1. So which of Arg90, Arg68 is at pLDDT below 95 and either loosely packed, with under 11 Cβ neighbours inside 10 Å or within 10 Å of the chain's Cα centre (by Cα) (or both)?
2. What helices (runs of 4 or more DSSP H) lie completely within region 19-90 and have 2 or more residues being among the hydrophobic types (A, V, I, L, M, F, W, C) and under 20 Å from Tyr4 (Cα atoms)?
3. Only residues that are of a type in the set (Phe, Trp, Tyr) and without any contact (Cβ under 8 Å) to a residue 40 or more places away in the chain: list them for region 15-44, please.
4. Can you report the number of residues in region 5-45 which are out of contact with any Leu (no Cβ under 8 Å at 6 or more places or on another chain) and either among the hydroxyl-bearing types (Ser, Thr, Tyr) or surrounded by 14 or more Cβ atoms within 10 Å (Cβ to Cβ) (or both)?
5. Among residues belonging to region 1-18 that are over 19 Å from Cys87 (Cβ atoms) and outside any helix (DSSP H, G or I), point out the one that is modelled with the highest pLDDT.
6. Suppose the filter is of a type in the set (D, E, K, R) and surrounded by 14 or more Cβ atoms within 10 Å (Cβ to Cβ); does Arg63 pass it?
7. Which one of these does Glu23 not meet: (1) at positive phi; (2) at pLDDT 95 or above?
Amino acid sequence: MLTYEDCIGLANLEKDEVAQIAEHERLPYMTALEKGAALLSQPWGDAAIRQMVWDNLCRANQRQHADRIEELTVVYQTTCERHPNPCDRRRSPVRSTHPIWTAAH
């Protein structure tokens, strides 16, 4: 029988990333894990997961939740390092830019 941790490993996701997908999409953790695994099978899946974490970070910033901002910044940086694929179907000049990408370019 597979455990939740086994499924996390098979999906190539971290628990924090699954939690962010669940929060962003308002899904239970197992459903968020399935969605994350499905996203990673798409060429733009890495970018979609990064964007979800980024959206959660922006929301915490707007609500001025300092402790959440700090935590989500670490999760976001880790997610960017783990899922660096630059393909982004949602890229737009009016969207906030990623702090890591801004520093790199």
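1. Answer to the selection: Arg90.
2. 29-40
3. Result: Tyr29, single match.
4. Looking only at that region, the number is 15.
5. Checked region 1-18; the qualifying residue modelled with the highest pLDDT is Glu14.
6. When the stated conditions are applied, Arg63 does not pass them.
7. Checking Glu23 against (1) at positive phi; (2) at pLDDT 95 or above, the one that fails is (1).
The values are calculated or read from the model by the stated rules, or taken from the named source; none is laboratory data. Because the structure is predicted, anything quoted here is derived from the model rather than measured. With ideal geometry, Cβ positions are generated from the backbone for all residues, glycine too; neighbour counts draw on all protein chains shown.
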